[in-house]
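Structure first, commentary second.
The values are calculated or read from the model by the stated rules, or taken from the named source; none is laboratory data. All values derive from a computational prediction rather than experimental measurement. All Cβ positions, glycine included, derive from the backbone under ideal geometry; neighbour counts span all protein chains shown. To get the accessible areas, we keep the full protein, side chains included, count just its heavy atoms, and leave off ligands, DNA and RNA. Shrake-Rupley method; radii C 1.70, N 1.55, O 1.52, S 1.80 Å.
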Amino acid sequence: MPDNNIQTRLQQVRSALPPDVTLVAISKYHHPDDILSAYHAGQRIFGESREQELALKHSLLPSDISWHFIGHLQTNKVRLIAPFISCIQSVDSPRLLAEINKRAAQFNRVIDILLEVHVAAETTKSGFSPSDLYDLLDCEQWKEMTAVRFRGIMGMATNTDDTSVIHADFQTLRQIYDRLKDQYFNSDPNFDTLSMGMSHDYPIALQHGSNMVRVGTAIFGSPLPH
Ligand SMILES: *Cc1c(COP(=O)(O)O)cnc(C)c1O
């Protein structure tokens, strides 16, 4: 039986998004039946943060789902998801980037990637510092990686009730995105994605030009601890 609450909340989030904004429903820790409820309400893009959990859900659920990976990805687990993943949003090191390119090529695929940028106050969050990101792109090795498609950046704001801090973080991410687009990807129409905004802060992210939001709790409720 589809869960009406999930379907209602999904529609509420959708109705708050402009038509050009992509909704990634973050289903980590939630049961495959919950994903199916959202699927039957038309949702096709889901995000997960653990390799094994994702591989299992992928095997159980409809094959026209696009899966995005959003968690910290270990290089030795890239091969688990490389055969089917649509987009890896959490590319946070040159080593991981190289590994994704290698595994995608092995499976004759091209995998979309977002470069994760760290601007939030918490040091526990992962992602490239802006300067490490510019170093990576200045190096030009990435231009030879033909099995990854650079689609844009992903980032998180500081986890705080102070909305001025959240505004500032999203503004910083927006500026980094614009700079990358100008300096490195100005002739690449694929570089078009600014992924920012979660359940509690996506309305603010939209004000700063986010065109992809990653919403979990506001759709599925709080995940059970485990
Ligand atoms: C869990 C997670 C989300 C979704 O967070 P909610 O608060 O449940 O909407 C978005 N992005 C990343 C990177 C996450 O880990």
Using a 1.4 angstrom probe, figure out how much accessible area the chain has per residue, in square angstrom, rounded to the nearest whole. 47 Å²
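Only four residue types carry charge here, +1 at the Cβ of Lys and Arg and -1 at the Cβ of Asp and Glu. Report the dipole size of the chain about the Cα centre in Debye, rounded to the nearest 20.
On the way: 20 positive and 26 negative charges, 121 e Å.
I would put it at about 580 debye.
Could you tell me the ratio Rg/Rh of the stretch 87-199? Both radii from Cα atoms, Rh via Kirkwood.
Numbers: Rg = 14.2 Å, Rh = 14.5 Å.
Here Rg/Rh amounts to 0.98.
Of all the stretches in the chain, which is the longest one without any exposed loop site, taking GluC sites (Glu not before Pro) in a DSSP loop (any state but H, G, I, E, B) with at most 15 other Cβ atoms within 10 Å? Intermediate values should be presented prior to the final figure.
Values: sites that count: Glu122, Glu140.
That gives 1-121 as the longest site-free run.
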Packing-based order for 146-152, 57-63, using average beta carbon neighbours within 10 Å, highest first: 146-152, 57-63
Assigned charges on the beta-carbon of Lys, Arg, Asp, Glu; the stretch 100-226 dipole about Cα centre (debye): 520 debye
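Arrange the peptides 90-96, 13-19 so that the one whose residues have, on average, the most other Cβ atoms within 10 Å appears first. Kindly include the intermediate steps, with their values, before the conclusion.
Values: 90-96: 18.1, 13-19: 12.4.
Result, highest mean first: 90-96, 13-19.
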So if I place +1 on the C-beta of Lys and Arg and -1 on the C-beta of Asp and Glu, and nothing else carries charge, what would the dipole magnitude of the stretch 1-83 be about its Cα centre? I want it in debye, nearest 20. 160 debye
Projected onto the charge dipole of the chain (unit charges on the beta-carbon of Lys, Arg, Asp and Glu, signs +1, +1, -1, -1), the Cα from Ala16, Ile35, Ser93 with the largest positive-side position is that of Ile35
So what is the relative contact order for the stretch 139-226, in percent, with contacts set as C-alpha pairs under 8 Å and at least six apart? 27 percent
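Carbon and sulfur together cover what percent of the accessible area of the stretch 83-167 at a 1.4 Å probe radius? Please report the intermediate quantities before stating the final value.
Working: 1810 of 3950 Å².
Carbon with sulfur: 46 percent of the solvent-accessible area.
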Could you work out how much longer the chain between Asp192 and Ala168 gets when fully extended? Use 0.36 nm per residue separation minus the Cα distance between them, nm to one decimal. 6.5 nm
Restricting to Cα pairs below 8 Å that are 6+ residues apart, what does the relative contact order work out to for the chain? Please round to a whole percent. 20 percent
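Report, in order of residue number, the helices in the chain meeting two criteria: a C-alpha extent of 27 Å or more along the helix axis, and a mean Kyte-Doolittle hydropathy of at least -1.0; treat each whole DSSP H run as one helix. Please list the in-between numbers first.
Working: long enough: 163-183 (30 Å, -0.72).
The qualifying helices are 163-183.
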Taking the Cα centroid of the stretch 74-95 and of the stretch 154-192, what is the distance between the two, rounded to the nearest whole Å? 22 Å
What pairs from Lys28/Lys57; Lys57/Lys77; Lys77/Lys181; Lys102/Lys181; Lys77/Lys143; Lys57/Lys102 go past 19 Å between their alpha carbons? Lys77/Lys181; Lys102/Lys181; Lys77/Lys143; Lys57/Lys102
